[in-house]
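Here is the structure we will look at, set down as structure tokens.
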């Protein structure tokens with residue numbers, strides 16, 4: 001693999017020992033750079049929104065957002081190698097076209113085989129199109145027992161009601177059981193602004209603002225005192 005293009009990866013697992021084992025294995029393999037090691041999906045969303053990531057070593061059974069839900073929510077150009085202690089998830093993992101599915105404890109030889117598969121299958125297909133970006137432009141959320149694709153450009157604002165959210169789009173409202181903190185981590189920080197513990201707004205759809213309110217599509221949304229300084233500071237830079 002000496003002439004293979006270098007790939008950027010992240011490790012996502014809520015167990016520190018599991019992350020350390022994978023990192024140790026990867027340190028023995030050429031052409032791989034570990035960009036981040038995350039203990040939950042929320043952290044990983046932030047990384048992939050700010051870095052070009054090629055490959056994710058992803059645990060499935062994690063708190064808040066499972067590995068399966070996370071994998072469904074990211075750009076399909078970012079490839080996944082699932083890592084888990086549970087064999088039962090294998091079928092769903094491969095339905096997501098994962099590169100491989102590794103059962104813990106993971107040996108170096110088994111991980112090397114998975115990485116080799118990635119290089120063989122995906123490196124050549126990516127080479128002819130270096131201009132393509134895998135920066136995420138959408139997310140999937142669970143609504144009415146199905147995963148719904150939401151393009152970031154279509155979001156007006158997001159409203160929190162304790163254990164569920166309303167995602168306001170131009171022509172509809174999508175309701176999902178998600179915390180506002182978890183959904184905020186999925187959004188690109190240069191396009192969205194948290195103005196209240198209950199509101200996130202798309203900066204592209206703000207028509208006006210005062211010291212107390214932001215107006216989006218004729219709807220006035222309150223800027224809370226705790227967010228006011230940061231919100232006004234960012235809005236005044238536009």
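Of note:
- From the options 221, 235, 169, 193, residue that is touching a helix residue (DSSP H, G or I) at 6+ places or on another chain (Cβ under 6 Å) and over 22 Å from residue 42 (Cβ atoms): 169
- Here is the figure for region 22-38: residues that are in a helix (DSSP H, G or I) and either in contact with a helix residue (DSSP H, G or I) (Cβ under 9 Å, 6 or more places away or on another chain) or under 24 Å from residue 142 (Cβ atoms) (or both) total 4.
- Among the residues of region 39-61, those identified as modelled with pLDDT of 90 or more, closer than 20 Å to residue 104 by Cβ and assigned to a loop (DSSP other than H, G, I, E, B) are 39, 40.
- Members of region 165-203 that are within 22 Å of residue 147 (Cα to Cα) and part of a loop (DSSP other than H, G, I, E, B): 170, 171, 172, 177, 178, 179, 187, 188
- The listed residue being outside any loop (DSSP other than H, G, I, E, B), in contact with a helix residue (DSSP H, G or I) (Cβ under 7 Å, 6 or more places away or on another chain) and modelled with pLDDT under 85, out of 64, 92: 92
- Residue check, residue 121 modelled with pLDDT of 85 or more, assigned to a helix (DSSP H, G or I) and either over 22 Å from residue 42 (Cβ atoms) or outside the structural domain of residue 216 (by TED's automatic domain parsing) (or both): no
The values are calculated or read from the model by the stated rules, or taken from the named source; none is laboratory data. As the structure is a computational prediction, the values presented were derived from the model and not from experiment. When we count neighbours, we look across all protein chains shown, and the Cβ atoms used for this are built from the backbone with ideal geometry, even at glycine.
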